[in-house]
Amino acid sequence: MSENLLYPESEGLLGAGLLQHIINYSREAVIVISSEDLAICEVAQKTCSMLGRTREDLIGTHLSTVECSLQDLFFWDDIRQTPEFIDARIAESEWLTSDGRVIPIEKRVSSFNSHGDIFWVIHAEDITNKRQVSEEQIHLASQLQSSLEATAEGILSIDLRGNVISLNRRFISMWNIPEEVLMGRRVDNIVACMQARCDDSIHFSSNLLRYKAESETETADQVCLLDGRYFDVVSKPEFYRDQLIGRVFSVRDITDMKTVENNLMQMRDVAELANQEKTRMLDAVRISESRLRRLVNSSLVGIIEGDNSGQLVEANDVLLHLLGYDREALESGALNLYSMIPNIYHHDYRSALDEIELHSQAQPFEIELINSEGGLIPVMLGMARLEGSDDEWVGFVLDLTEQKKADKIKSEFIAVVSHELRTPLTSIRGALGLLEHSVGTDFPPKLMQLLKIAHKNSQRLGTLVNDLLDIEKLVSGKMDISMDRIDLIKLTQQAIEANAPYAQQFDVKYEFSAFPESAWAVCDADRVMQVYANLMSNAAKFSHSKSVVFIRIIDQSDMFRIEVEDKGQGIPKEFHDRVFMKFAQADGGNTRKQGGTGLGLNISKTFVEKMGGNIGFDSTEGQGTTFWFTLTAGVRRRGEG
């Protein structure tokens, strides 16, 4: 293409030299090409500098010697459909330098007609820095979302217009928010869904109105859901450069804490009925429990970010305060999580890293961390892989110090109960038994009746103390389970023989109605006998007079299913979900009349599950109940029948 076509003789001042000057001193890289064959007709000096080539090298060459992106072929084919156009065409491309580097650029293409010849002018801007900034923003957003997903709380962030900025999966699952509600990303729809799940929706609405009226005020509320769960809901205003931009809601599930609280209250009430002299001790437990609850409610979760070597690159103030370090120590690279973990927990930490490698996250686990003073802090650690990274993770650290203290207080309380009640109860029960069965002593009928009642109540009180001790041992992990190969048929026969006298009190008999030729199971014989005692005594108590309780062993290949069936009144349907709960007793005159602590089935369930089995029941009201549990079958040896 002739330069005379590109720079025609001008009648004015804008001659070829001036046009070349304008191109060379443009702030952007400029290339002029022919629309016919994409040959380069002119380039700016900045273009030459960017590409590392001279003007002479570029003039006359095809544009493909500069552009190296596949999408450019489609771009120029599209422009050829309409060579002349008014508005500039904009697209991203890549230019190849003389040393082989690729530069990302944004090009704006315009056209002009010079005496019938159409030229296209490319104004190009290097967007390398823009891309780096964009990638950094994406990385920061990924870090934020990973941190939100790693926290134990549900998080929702909104702006002043009521639009949802971000929320994590835990928030969605906690409130069971449908997909169609999330699609609109409107806080009003989400709040309406939350309100529908609250037990006291009016109270929930009033708190929402308060934060709307006082937009810069922090709020905290505890809500009860229709399904029985309890949530702590905290909202805080969000500021940017001292300007209010939105609000952040955090939701924590405190159902387990509420359950523990209720269970402790029930245990307190039972102990008060057993001995009024223990009131002072129960008050101390209640005060300690209240203090612990306040501490737990006021605590926050520590959040950390690190790599597989344990090096911490980020941590919030809660974590730094917990361990006694300042931010300067973190930024200097002096904090390493692996070095803060005692040797006995190194295996747990490495197992968590392996789990992250396989599943991108690890189940929370308990360990101890060494603080700046060398002390040990019990914590729960949860970890998840950082999005977009192969060797970095984020995690949360929950301080368990107060929880461990509460467990110690409860254990000490149970130990005191066992020491103060067990010994005198044994003496009282023995003395009452001797009086009740004294030979040759003629007590008045009313006095004899009182002796029988006192003896029976002392037995029930002794059972209560033993059940409380078993519960404490199970919770604290002090209950020993000794697994061995046991002849289940012989063990069942022993259980029937041991519990027969109890059944005779109700005029009920036990019948071993079905069992295989051989039944060797892997279990703890003493714990199985305790499970038998609970199931068989319940069956006898709730059976009709002169009825039979059937015991069966069913071979299920790798498991044995043991059934205890009675023909009593059955379990009310509304009580089915609470059968295995602590202190659970169905309402009804006959149930209360038979007595019991309400702990036996809960203890039995725990024993069976610790031995690797399952436990359950089938009941039809008015027809009877069958309780069953399973045990792992043992390998049959030669000569065993």
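The values are calculated or read from the model by the stated rules, or taken from the named source; none is laboratory data. Model, not experiment: these values are computed from the prediction. Backbone-built Cβ (ideal geometry, glycine too); neighbour counts: all protein chains shown. Just the protein is used for accessible areas: all its heavy atoms, side chains included, with ligands, DNA and RNA removed. Shrake-Rupley method; radii C 1.70, N 1.55, O 1.52, S 1.80 Å.
Every test in (1) under 27 Å from residue 581 (Cβ atoms); (2) among the hydroxyl-bearing types (Ser, Thr, Tyr); (3) at pLDDT 80 or above is passed by residue 279 save one, and that test is (3). Against the numbered list (1) modelled with pLDDT under 85; (2) outside any helix (DSSP H, G or I); (3) loosely packed, with under 15 Cβ neighbours inside 10 Å, residue 309 comes up short only at (1). If you go through region 90-139 and keep only what is in a strand (DSSP E or B), surrounded by fewer than 17 Cβ atoms within 10 Å (Cβ to Cβ), out of contact with any Lys or Arg (no Cβ under 7 Å at 6 or more places or on another chain) and of a type in the set (Val, Ile, Thr), you end up with 102, 118. Among the residues of region 331-347, those that are part of a helix (DSSP H, G or I), open to solvent by 60 Å² or more (accessible area, probe 1.4 Å) and out of contact with any helix residue (DSSP H, G or I) (no Cβ under 8 Å at 6 or more places or on another chain) comprise 331, 339, 343, 344, 347.
All of 438, 351 fail the test of being more than 17 Å from residue 303 (Cα to Cα), at pLDDT below 80 and not in a strand (DSSP E or B), apart from 438.
Going through region 350-373 one residue at a time, which ones are open to solvent by less than 20 Å² (accessible area, probe 1.4 Å) and either among the β-branched types (Val, Ile, Thr) or farther than 18 Å from residue 323 by Cα (or both)? Of everything in region 350-373, those that are open to solvent by less than 20 Å² (accessible area, probe 1.4 Å) and either among the β-branched types (Val, Ile, Thr) or farther than 18 Å from residue 323 by Cα (or both) turn out to be 352, 356, 362, 367. Applying the criterion of at least 2 residues that are among the charged types (D, E, K, R) and either farther than 14 Å from residue 151 by Cα or in contact (Cβ under 8 Å) with a residue 40 or more places away in the chain (or both) to the strands (runs of 3 or more DSSP E) found wholly in region 356-399 leaves 361-370, 392-399. Selection of region 147-166 for residues being part of a helix (DSSP H, G or I) and either of a type in the set (Asp, Glu) or under 20 Å from residue 228 (Cα atoms) (or both) yields only 149. What number of residues within region 534-554 satisfy the criterion of being open to solvent by less than 60 Å² (accessible area, probe 1.4 Å), among the basic types (Lys, Arg) and assigned to a loop (DSSP other than H, G, I, E, B)? Number satisfying all stated conditions: 0.
Against the list (1) without any contact (Cβ under 8 Å) to a residue 40 or more places away in the chain; (2) farther than 24 Å from residue 578 by Cα, the condition residue 251 fails is (1). Is it the case that residue 79 is in contact with a Phe, Trp or Tyr (Cβ under 8 Å, 6 or more places away or on another chain) and outside any strand (DSSP E or B)? Spelling it out, residue 79 is indeed in contact with a Phe, Trp or Tyr (Cβ under 8 Å, 6 or more places away or on another chain) and outside any strand (DSSP E or B). Anything in region 492-527 that is under 21 Å from residue 550 (Cβ atoms), part of a helix (DSSP H, G or I), aliphatic (A, V, I, L, M) and in contact (Cβ under 8 Å) with a residue 40 or more places away in the chain? List them, or say none. Scanning region 492-527 gives 495, 496, 503. Within region 47-64, the set of residues being open to solvent by less than 60 Å² (accessible area, probe 1.4 Å) and at negative phi comprises 47, 48, 50, 51, 53, 58, 59, 61, 63. Among the conditions (1) surrounded by fewer than 19 Cβ atoms within 10 Å (Cβ to Cβ); (2) touching an Asp or Glu at 6+ places or on another chain (Cβ under 9 Å); (3) modelled with pLDDT of 85 or more; (4) of a type in the set (Asp, Glu), the only one that residue 524 does not satisfy is (1). Taken over region 62-76, the criterion of being more than 14 Å from residue 103 (Cα to Cα) and not in a helix (DSSP H, G or I) is satisfied by 62, 70. Which residues, counting only those in region 555-570, are under 23 Å from residue 520 (Cβ atoms) and assigned to a strand (DSSP E or B)? Of everything in region 555-570, those that are under 23 Å from residue 520 (Cβ atoms) and assigned to a strand (DSSP E or B) turn out to be 555, 556, 559, 560, 561, 562, 563, 564.
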